[in-house]
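Single-structure report; data block below.
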Amino acid sequence: MKIEGIEGISSDQLRFEIQRGAKLVFYYYCISLLVVTFRRSSSIYFIPAGQSTLAKGLPWTLLTLVLGWWGIPWGPIYSVQSLVVNLKGGKDVTAEISSSLTGTTTVPAIATKS
């Protein structure tokens, strides 16, 4: 798993930045060639606290806007899905990555009747 933007950062520093509000996100993009449509995800990006997740996903959004629509029938469908995710700031995977850094997993609480 490649994370863009964390070169030279130790796992302790990364955990600290995540506690301060940093995010780890990826973006979708769509490319269509008439009858073939591909929807893929970008690398994971480290977004420091206070920086825009929307700006980091702009290249993937523009790629989808230009090349995503042209496949029938999935081009428009995948393009809209990709644009919605990207314009909301990408897919946030901070919780999943930070839990793998610490080696812990979160288990949902089970309600018991007493």
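Any read-out appearing in this document is the output of simple, stated calculations on the displayed coordinates, not a laboratory observation. As the structure is a computational prediction, the values presented were derived from the model and not from experiment. Neighbour counts are summed over all protein chains in view; Cβ atoms, including those assigned to glycine, are modelled from backbone coordinates with ideal geometry.
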(request) Could you check which residue among G21, G50, G68 shows the biggest mean-square fluctuation in a GNM of the chain with a 10 Å Cα cutoff? (result) G50
(message) On C-alpha positions alone, give me the angle between the axis of helix 11-20 and the longest principal axis of the chain, in degrees, nearest 10.
(response) 80 degrees
(message) For the chain, take the longest principal axis of its alpha carbons; what is the angle in degrees between that and the long axis of helix 74-87, to the nearest 10 within 0 to 90?
(response) 40 degrees
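Which shape class, rounded, prolate or oblate, goes with the chain when its Cα gyration tensor gives a ≥ b ≥ c as root eigenvalues, a/c under 1.5 marks rounded, and past that a/b bigger than b/c marks prolate?
Oblate shape, in that a/c is at least 1.5 and b/c is the bigger or equal ratio.
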(request) Taking the Cβ of each residue in W60, W74 as the centre, tally the other Cβ atoms inside 10 Å and list the residues starting with the fewest. (result) W74, W60
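Just in region 1-91: which GluC sites (Glu not before Pro) are loop by DSSP and have at most 15 other Cβ atoms within 10 Å?
For GluC sites (Glu not before Pro) across region 1-91 that sit outside H, G, I, E and B with at most 15 neighbouring Cβ atoms in 10 Å, the list reads E7.
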(request) For K56, list the aspartates and glutamates whose Cα falls under 18 Å from its own Cα; do not include residues on the same chain fewer than 8 positions away. (result) E4, E7, E17, D92
(request) Give a quick list of trypsin sites (Lys or Arg not before Pro) in region 1-82 that DSSP marks as loop, anything other than H, G, I, E or B, with at most 11 other Cβ atoms within 10 Å. (result) K2
(message) Rounding to the nearest 10 and keeping the result within 0 to 90°, find how far the Cα-based axis of helix 58-67 lies from the longest principal axis of the chain.
(response) 30 degrees
